[in-house]
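Asker: Handing you this structure, nothing more for now.
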Amino acid sequence: MRLRSAAICLVTFAALAVPVGGNLLVSDARAQSQGDWIDVHFHLIADKGDLEGFDEAARAALQIMDAERMRTIIVMSPPRPNENFDIESLAEIARKYGPRIVMFGGGGTLNPMLQEAGKSPEVAEEVRRRFEETAQRIIASGAKGFGEITAHHVSLSPSHGYESVPADHPLLLLLADIAAQHDVPIDLHFDPVPADVDKPANLSSPRNPAVLKENIKGFERLLAHNRKTKIIWAHAGADPVGHFTPGLVRELLGRHPNLALSIRPTGPFPGAMVPLKGAINDDWIAVLRDFPDRFVIGSDNFVVAARYTGADAPRIFASRAEIQRRGIRRLLSHLPADLARRIGYENAERLYRLKR
């Protein structure tokens, strides 16, 4: 079954493995001339409790950082539907390798609680209390924010989960208040759906529902709930559903001053910010220019420990990491120097309160 899942996922991302050359991408040397960058969305993967495995992954990440001139990475658990590794596995990494490696928490603890509670609009007081205690404990452990949390996460293969809760669910509103209390961001995975639509043909995983439900109104209610809450909307620029567009982003940025986005620029889907072939998307570049203080870089890169025994998806995603980093280098080299600095690292230093 694992081999079958891997094969399906490899087909999904096959386009990411195509060779890149000619005039389609600028040279890495030119791209690097725009300077350093910070990656605010990075995953270290090992089995829960395997501290040696996490340390191995962290050391491999540091080598990538040196090669890429990355100042800092923010590591977090992916948004798990069931309890998995979280701060208990990452806190020692952050202590040992900080400030170059910074930790977020909640993907393996808060997110499973949210997904379970999201099956009902009512939240029991005990569930609410446990959620709040867990969130406060995450911050007390040294986490600089909450993530990766999801309100809507489509499945890209049978080994890749589908998750959906209303973005204005009471537990997400509670998390927004806790994040505002501590002045830390929430890293939110949110695949937008402006109106009910049939499942797109490219989302063939059986985990996805036949109809994707409208979710923008709830997202806007979350954003408006507490204007002190910094919501970082993850994965701008690589949209598997087809609705995470420059036009929608422009509208929401105009209405919600506490919204920012992290950029994952390259993907095999139409409307990518940095396509695998052809020119960089001018509509996306226009939004970056018009909202220069509202974007950061979040590659969604995975580094997986050699002895990891879990699902196939992390290794598949790790295999495309260099393609994503190349897209980031290409994007930064395409921007004016001042805008490349803002998006590359200055916005992240401000929004995430990072100090070198």
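Asker: Please enumerate the residues belonging to segment 189-212 that are of a type in the set (D, E, K, R) and either in contact (Cβ under 8 Å) with a residue 24 or more places away in the chain or closer than 20 Å to GLU148 by Cα (or both).
Answerer: The answer is ASP191, ARG207.
Asker: Which of the residues spanning segment 318-356 are under 21 Å from ALA58 (Cα atoms), in contact with a Lys or Arg (Cβ under 9 Å, 6 or more places away or on another chain) and not in a helix (DSSP H, G or I)?
Answerer: TYR352, LEU354, ARG356
Asker: Here's another thing I want to ask about it. Filter segment 138-147 for residues that are touching a residue at least 40 places away in the same chain (Cβ under 8 Å) and farther than 13 Å from ALA176 by Cα; which is most open to solvent (accessible area, probe 1.4 Å)?
Answerer: LYS144
Asker: Of all residues in segment 174-217, how many are in contact with a helix residue (DSSP H, G or I) (Cβ under 9 Å, 6 or more places away or on another chain), open to solvent by less than 40 Å² (accessible area, probe 1.4 Å) and outside any strand (DSSP E or B)?
Answerer: Selection size over segment 174-217: 10.
Asker: Here's a follow-up. If you scan segment 317-356, which residues turn out to be under 18 Å from ALA238 (Cα atoms), open to solvent by 20 Å² or more (accessible area, probe 1.4 Å) and within 18 Å of the chain's Cα centre (by Cα)?
Answerer: Answer for segment 317-356, where residues must be under 18 Å from ALA238 (Cα atoms), open to solvent by 20 Å² or more (accessible area, probe 1.4 Å) and within 18 Å of the chain's Cα centre (by Cα): ALA318, SER319, ARG320, GLU322, ILE323, ARG325, ARG326.
Asker: If only one of GLU83, GLU56 is of a type in the set (D, E, K, R), free of Cβ contacts under 8 Å to residues at least 40 places away in the same chain and on the phi < 0 side of the Ramachandran plot, which one is it?
Answerer: GLU83
Asker: Do the conditions hold for SER89, that is, is it modelled with pLDDT under 95 and among the hydroxyl-bearing types (Ser, Thr, Tyr)?
Answerer: yes
Asker: From THR150, THR134, which residue is open to solvent by less than 10 Å² (accessible area, probe 1.4 Å), of a type in the set (Val, Ile, Thr) and in contact (Cβ under 8 Å) with a residue 12 or more places away in the chain?
Answerer: None of the others qualify; the one that does is THR150.
Asker: Would you say GLY142 is touching an Asp or Glu at 6+ places or on another chain (Cβ under 6 Å) and at pLDDT 95 or above?
Answerer: Judged against the criteria, GLY142 is not a match.
Asker: Which members of segment 153-173 meet the condition of being in contact with a Phe, Trp or Tyr (Cβ under 6 Å, 6 or more places away or on another chain) and surrounded by fewer than 21 Cβ atoms within 10 Å (Cβ to Cβ)?
Answerer: SER155
Asker: Could you list, in sequence order, the residues of segment 233-256 that are in a loop (DSSP other than H, G, I, E, B) and touching a Lys or Arg at 6+ places or on another chain (Cβ under 8 Å)?
Answerer: Across segment 233-256, the qualifying residues are GLY237, ALA238.
Asker: Can I ask one more? When the residues of segment 89-114 are filtered to those that are open to solvent by 20 Å² or more (accessible area, probe 1.4 Å) and in a helix (DSSP H, G or I), which remaining residue is nearest to LEU175 (Cα to Cα)?
Answerer: That would be MET113.
Asker: Which ones in segment 252-291 are among the acidic types (Asp, Glu) and more than 17 Å from ASN347 (Cβ to Cβ)?
Answerer: ASP282, ASP283
Asker: Here's a follow-up. Scan segment 258-312 residue by residue and report those that are part of a loop (DSSP other than H, G, I, E, B) and free of Cβ contacts under 8 Å to residues at least 12 places away in the same chain.
Answerer: Residues satisfying the conditions are PRO275, ALA279.
The values are calculated or read from the model by the stated rules, or taken from the named source; none is laboratory data. The model shown is predicted, which means the values in this text are computed figures rather than measured ones. Cβ coordinates were reconstructed from backbone atoms using ideal geometry, including for glycine residues, and neighbour counts include every protein chain displayed. Please note that ligands, DNA and RNA were not included when accessible areas were found on the heavy atoms of the full protein model with its side chains. Shrake-Rupley method; radii C 1.70, N 1.55, O 1.52, S 1.80 Å.
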